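Quick note: the coordinates plus some simple rules give every number you see, no bench work behind them. The structure presented is a predicted model; accordingly, all values stated were derived computationally and were not measured. Glycine gets a Cβ as well: all are built from the backbone with ideal geometry, and neighbour counts include every protein chain shown.
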Amino acid sequence: MISYKDLGLVNTRKMFSKAMKEGYAVPAYNFNNLEQLQAIISACLESRSPVILQISKGARKYANQTLLRYMAEGAMNIVNASEHPIPVALHLDHGDTYELCVSCIETGFSSVMIDGSAHPYDENVELTKKVVNYAHKYDVTVEGELGVLAGIEDEVSHEASHYTNPDDVEDFVKRTGVDSLAISIGTSHGAYKFKVKPGESVPPLRFDILEEIEKRIPGFTIVLHGASSVLKEYVDIINKYGGKMEGAVGIPEDQLRHAAKSAVCKTNIDSDGRLVVTALVRKMLHDDPSNFDPRKYLGPAREELIKMIVHKNKEVLGSAGRA
Ligand code: G3H
Ligand code: 13P
Ligand code: ZN
């Protein structure tokens, strides 16, 4: 058993209570490789933002869970040796079984998500409660999910979303003991969140549902998944240099800004980072066709990712300067 505390990580409890009090959202960025992790850490140190490093089941399969764990530990050595350390949580994104959550907790994660949203309500409650009972013994925080997001959630694909029913949240939170709750109010995973015709704007998120949920569980931490904005400048670079991403569209940043001031204390961003890396790699390979040194295209991709993350922390989530 490796305790996250020995790795210099923190759970999400204090992060969320500060975010709730001060009206911002803590960013949760996914990583699968070295350059993404370096960019997240550099950008959050530069902008003095607390951060949640997220590892999905897919990331564990891609990069090897032991290696990812040591990468996070290495990142923490850099963070804690810096002049102004920032709070960092290591979080399992969309855990789908009790066993997976236990294995993450045993290898140093400080926070886990158990996503039982695909199960019938009572099964979701039972599964989530079981994970909470185990996790809390080790002071690991747990995120649950109610409602279904459209798009791909770690190999599980949902055609349509089901908004979270505000009537369920109080009972769910009480019965499971979760520390935070992911809800569905119109966001979805991936780079194609809405089908809009040229010139049309995307439909607004269902802030009415969020407000109703806040009334039922006042002061409780809400999590927004699928919160990438699918930044047009990067989609344009991808399309310009041989990509094909017509119709890619995300959540406008002003809506995320609005959400960050509410009970939404955690905002999940993965696709925006993927777009940045893909855009820069495409451009760099196009600009220098003779290059075969990955550092010469992954390096600029990493630099651009730092810029994008600093922008999110400063201008969208309001987490900059809160560490
Ligand atoms: O919620 C989904 C995240 O973006 C992780 O995606 O399962 O492809 O790593 P992934
Ligand atoms: P995006 O696909 O919008 O980045 O959402 C990421 C996410 O919710 C990870 O859990
Ligand atoms: Zn998600």
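Structural remarks
- Residues residue 201 and residue 97, FRET efficiency given R0 of 35 Å [Cβ-Cβ distance, rounded to 0.05]: 0.35
- Förster radius 41 Å - calculated FRET efficiency between residue 2 and residue 165 (Cβ-Cβ, nearest 0.05): 0.60
- Cα-Cα separations in the chain greater than 37 Å, expressed as whole percent: 11 percent
- Sparse-neighbour loop sites [GluC sites (Glu not before Pro); the range 155-241; at most 13 other C-beta within 10 Å; DSSP]: 155, 159, 200
- Computed [θ] at 222 nm, helices only, for the chain once each DSSP H run of length n ≥ 4 contributes -39500 (n - 2.57): -14000 deg cm²/dmol
- Too-long pairs where the Cα-Cα distance tops 28 Å, listed order kept, from 193/240; 197/307; 18/193; 195/240: 197/307; 18/193
- Length added when fully stretched, residue 106-residue 13, from 0.36 nm per residue minus Cα-Cα: 31.6 nm
- Under the membrane-span-like helix rule (DSSP H runs whose alpha carbons stretch at least 20 Å along the helix axis, mean Kyte-Doolittle hydropathy -0.5 or higher), the chain yields 65-81, 271-287, 295-311.
- Counted residue by residue at 0.36 nm each, then reduced by the alpha carbon distance between them, the extension gain from residue 292 to residue 239 reaches 16.9 nm.
- Amide hydrogen neighbours beyond the local backbone of residue 2, cut-off 5 Å, H modeled: 107, 108
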